[in-house]
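Visitor: Handing you this structure, nothing more for now.
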Amino acid sequence: MKSNYTSSIAGAAIFITLVGIVGKGIGFFREAVFAGYFGLSPEFDLYLVGAVIPITINTIILFIAQNILIPSYNNFKLNNAKFVESFLYSQLRLFFFFSLIIFVLLFYFAPSILKIYQPEANEKYLQISINIFLISSITIPLSSIVAICISYLQANYDFKNPAIAQLFLNIVIIFMIVVLSNTFNIYAVPIGFVIGTFFQTIYLLRKTKINLLQIFNLNYTSNSPMSNSLKSLIWIFIIETIGQFYILADRSFLHQVEVGGIASINYASNIFSLPMQIFSIALTTAIFPKLSESYSQNTNDAFYNTLDKSIRIMIIIFLSITTIFFLFGEPIVRLFFERGKFRPEDTITTYNVLKILSISIVFYSVYAVLNKVFYTTNMLLSLMVITIFGIFIKIGFNIILVNKYAQYGLAMSTSITYIYFSIVSILVLKYKKIYNPDPKLLYLIFITIINCILTYYVVDIFVTLICSKTLISDIIKVLIFILVFIYNLSIYDRHSWSYLNYLKLPK
């Protein structure tokens, strides 16, 4: 990195956070447009059902690319530098042709897949879902190229261009909804998804200077040993595919929840994922190359310090976010979504879902860090077993809870699964002697919870005394809560916010 500031994990993470705030701001504007144009309508439920498999596959491809290419790329730079370029193109070729096969199969079997996935849907609704499915599937080959480009840039500590590339997708989708929704109705969303992914691909190819034609040059192959890479790819594919099943598991219960129930989970999940995207993913993206590099070079102290201090940061940030979502979630939902076809009763439904999800957010943020450790240390079998049990837990609790609690039962099962992932991952890494949590973490959790509770009551009493209850006063409470929480933290734990300044990335 060129600047001293971005040569630290803090600098990289904060930069990704700032770009993430802009990106998620546009993303939330996109969700607000969804809410205004479609609300908790059956049409939006159908979009969520029809697009979920292609979008999930795109997510899986990105995670696979990051988790296999970044550690392997660092190993090649260290031990076989002359093979780095050919390795990159071999991965690009593998991902592109594999995704092309997936696209062809999905396109051909779309009606059968949707009939199996939604057996209770009538012919009209089924056809809408199939059409959305077919349009969204076009993005899969493009997303494979995007995934490799992003992973390559991040492996070289370029976090700016991958973050900027994400902006194209949301901007184009918003534009297409505004321009085309009156003509194409819900189809404007998947059309925007395809066009936005195309622009994203072009931008990243230019920034990486990858020659796309080389993937068709079969003579341009890597002389590096690919058997380990292919084996890892298979393991990671299984892990990431299973890990994404919980989204499919929810949407397969479309007819067991209230009308708009799936949409309410989607809106609540977008709020839930906002801090994950801004803070958790920013930090894990920044530390992953550092973890893989430290592990490759057998610098155990650097590896452990990076991991331990990252977990401390996650605990502090996400315990405060849990408090905000659980106690201040209703005005947040109102602020983001309550307009157009999104009614006040939709706000209440979405807020209740958000409260249930918020219980698990600190667990999921810690797991996001631990997940990178499994990939870095090549503990793929352990991660696969954890993931398989996780999806069984998710599906099992869906079946148990959905009939009584509808969409709230689906949210409960998600929280239970996230808590399971975090706790079991810690136990496995401790057993394998990779990471032994510092007992002082319990004190940190306790004192942070006390900080959250006291801050909430002080802010609530203070603002209530001087302001009548309005949306603006509720938002003021959130802002004051954040400021007071940070001030309290600076008194009892000055080191927490300075940890990452000492974790240097290569210049």
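Quick note: the coordinates plus some simple rules give every number you see, no bench work behind them. Not measured: the values here are computed from a predicted model.
Visitor: Once you sort the root eigenvalues of the Cα gyration tensor of the stretch 330-471 as a ≥ b ≥ c, which label holds: rounded (a/c under 1.5), prolate (a/b larger than b/c) or oblate (the other case)?
Guide: Values: a/c = 2.84, a/b = 1.45, b/c = 1.95.
Here the stretch 330-471 falls in the oblate category.
Visitor: Return P(r) of the stretch 41-224 (all Cα-Cα pairs; 10 Å bins starting at 0; whole %; ordered from short to long distances).
Guide: 9, 33, 31, 18, 7, 1
Visitor: Filter the cross-link list Lys290/Lys440; Lys394/Lys433; Lys309/Lys355; Lys394/Lys477; Lys160/Lys372; Lys355/Lys469 down to pairs whose alpha-carbon distance in this structure exceeds 26 Å. Each step should come with its number before you reach the end.
Guide: Details: Lys290/Lys440 24 Å; Lys394/Lys433 28 Å; Lys309/Lys355 28 Å; Lys394/Lys477 35 Å; Lys160/Lys372 20 Å; Lys355/Lys469 20 Å.
Distance filter (> 26 Å) returns Lys394/Lys433; Lys309/Lys355; Lys394/Lys477.
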